[in-house]
Amino acid sequence: MKTTKLLHTLLLALFATHGAGAQTLLDGAVRIDDAVVTRADDKLFVSMEIDLGDLRLGSDREVLLTPRITAGELSAPLPAVTVAGRNRYYHHLRNGIEPAGAALYRRSETERVEYRAVLPCEPWMKRAELTAEAQWRGCCNEPEGSDETLLARFDFEPPTYVPALIWVRPEAAPKINVLHGSAFIDFPVNRTEIHEDYRRNPRELEKIRATIDAVRNDPDSRILALTIKGFASPEGPYDNNVRLARGRTQTLKEYVRNLYAFPDSLIATDFEPEDWEGLERCVAQSDMKDRDALLEIIRSDLEPDARDWRLKKRYPEQYAFLLREVYPALRHSDYTVRYEVRAYTDIDEIRRLLRTAPQKLSLEEIYLAAQQMEPGTDEHTEAFEIAVRMFPEDPVANLNAANTALSRGDLEYARRYLERAGRTAEAVYARGVLAALGGEFETALSLFGTARDMGCASACGQLAQIENILEKR
């Protein structure tokens, strides 16, 4: 029982608002000390000490003191107190006190009044003021002047959650990028030499040159390596396709090396004699007749020549279609340009590149620029959005983008980014912020606790805030 009573007392203290010192009314004639408003469950408890030591009253006069709870235009009067001179005191005893329900005190017998009142806590009363009005009254019950003062302001609304976000600085790393392309070089039948003006070769060779030039002509970039992988289509003897794929790939390498005077070691080559994976992909995506049967042969463990023969023998109509419409696309040369972009240290230059060439920037460089921007601005938000577009699978990029979404209250986008933000302490912390902003305080409490245990010091403040919110709900 003692424990329960003590707990109740402690809870009342937690939900109490005290007035700012003593307040006086009627030019100091009435003084109010220790005005306190507390809330428990659905009730408000009001207490104060009314000091009447300096109140001078004639026998036919009285003071009516009316405390009120007010919020804007809303007001609820509390039980009033009437302090009367001798004649007024006995008049009330004979005729009934006015206003009804007011406590009556005779001034000559009263120095202090311990005022206590309880009333239902309406929703609008959770953030309001306690005021008191003192009114002089004469023998005919007519007001002769009044005074009003503020005793206390109180706020019993649950605190609003205020997040503290943690943007994470990415680790510095070399900026190694890769450009990919695919060219469809036409070679004479059964030959390996390149003719630049043969059929569609001018266009296809220009594609390769344009990819290389995009890097080579950029003063901020340096080519590290080129790779070329040639593919032949599955028709014809496999051994001959090996010769063609290898020879044509080597010819294309020499063409590129001589065009740019690249050292031989810069270009690596590989080849695939027959592009069965490409054939499978094309057939699987088509609506060809007997598609499933064709795929069964293509995916079988038969030797390449046996597979090709079975396709041609069993499905001659479909095979003719493949030769005409699909196989030409399987004769291709895939190429990559691997290159490094120099580091940028000038923030103004980084901010310019964010608008013009964000692909040149590292995650760390974008982060450094964002640190010079005002959080919450469109520019700050856009910086981290660009970062996650450039590095869509990077956990830090997704975490920082999630924080940006959280800062503008976009919980759905934040949730999507956090799915790819990893399991670091900062990521768990951000998930706690997401839960708290969504009103899921118990979940937030658990996540912040985990983040704290993982070494995130900022989680301690968030835990205290959530615990305070849960206490006052």
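Taken together, the values in this text are just the output of simple stated rules run on the coordinates, not laboratory data. Since we're looking at a predicted model, the values are computed, not measured. Don't worry about glycine lacking a Cβ; one is built from the backbone with ideal geometry, like all the others, and counts go over all protein chains shown.
Quick rundown of the values:
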{"read-out": "Under Karplus coefficients 6.51, -1.76 and 1.60, residue-wise ³J(HN,Hα) of the range 324-333 in Hz, glycine/proline x", "value": "7, 10, 10, 4, x, 6, 8, 9, 9, 10"}
{"read-out": "Pair Thr345, Ala329: separation of 7 Å Cα→Cβ label points (nm)", "value": "5.0"}
{"read-out": "Spin-label model distance (nm) - Asp287 vs Glu111, 7 Å beyond Cα toward Cβ", "value": "10.2"}
{"read-out": "Cα-based equivalent ellipsoid of the range 176-339: semi-axis lengths in Å, sorted from largest, via gyration tensor", "value": "33, 16, 14"}
{"read-out": "Equivalent ellipsoid, the range 184-281 (semi-axes from 5 times Cα gyration tensor eigenvalues, Å)", "value": "26, 15, 13"}
{"read-out": "Around Val433: net Lys/Arg minus Asp/Glu count, Cβ-Cβ under 12 Å", "value": "0"}
{"read-out": "Shape parameters for the chain, alpha-carbon atoms, Rg then Dmax in Å", "value": "41.9, 130"}
{"read-out": "C-alpha long axis of helix 238-260 to longest principal axis of the chain, angle in °", "value": "70"}
{"read-out": "Estimated distance in nm for a label pair at Gln372 and Asp453, the labels positioned 7 Å out from Cα along Cα-to-Cβ", "value": "4.2"}
{"read-out": "Efficiency of FRET from Cβ geometry, Val189 and Ala306, R₀ 22 Å, rounded to 0.05", "value": "0.40"}
{"read-out": "Residue among Pro77, Leu55, Pro316 farthest towards the positive dipole end of the chain, charges placed on Cβ", "value": "Pro316"}
{"read-out": "0 to 90° range, to nearest 10: angle between helix 201-216 axis and the chain longest Cα axis", "value": "50"}
{"read-out": "Local electrostatic count at Leu279 - Lys and Arg +1, Asp and Glu -1, tallied over other residues with Cβ under 11 Å", "value": "-3"}
{"read-out": "The range 455-472-the range 61-108 distance, computed between alpha-carbon centres (Å)", "value": "46"}
{"read-out": "Formal net charge of residues neighbouring Ala128 (Cβ-Cβ distance under 13 Å; K, R +1; D, E -1)", "value": "0"}
{"read-out": "Cα-based helix-to-principal-axis angle, 441-453 vs the chain, degrees rounded to 10", "value": "70"}
{"read-out": "Helix-only [θ]222 nm of the chain, DSSP H runs n ≥ 4, -39500 (n - 2.57) each, per residue, nearest 500", "value": "-12500 deg cm²/dmol"}
{"read-out": "Order of Met373, Met125 under a 10 Å beta carbon neighbour criterion, fewest first", "value": "Met373, Met125"}
{"read-out": "Sorted by Cβ neighbour density within 10 Å, fewest at the top, the residues His332, His180", "value": "His180, His332"}
{"read-out": "Estimated dipole of the chain in Debye, rounded to 20 [Cβ of Lys and Arg +1, of Asp and Glu -1, Cα centre]", "value": "480"}
{"read-out": "The range 375-440 shape via C-alpha gyration tensor axes, a/c threshold 1.5", "value": "oblate"}
{"read-out": "Under 5 Å, built H, 5+ apart or other chain: amide partners of Thr24", "value": "Ile32"}
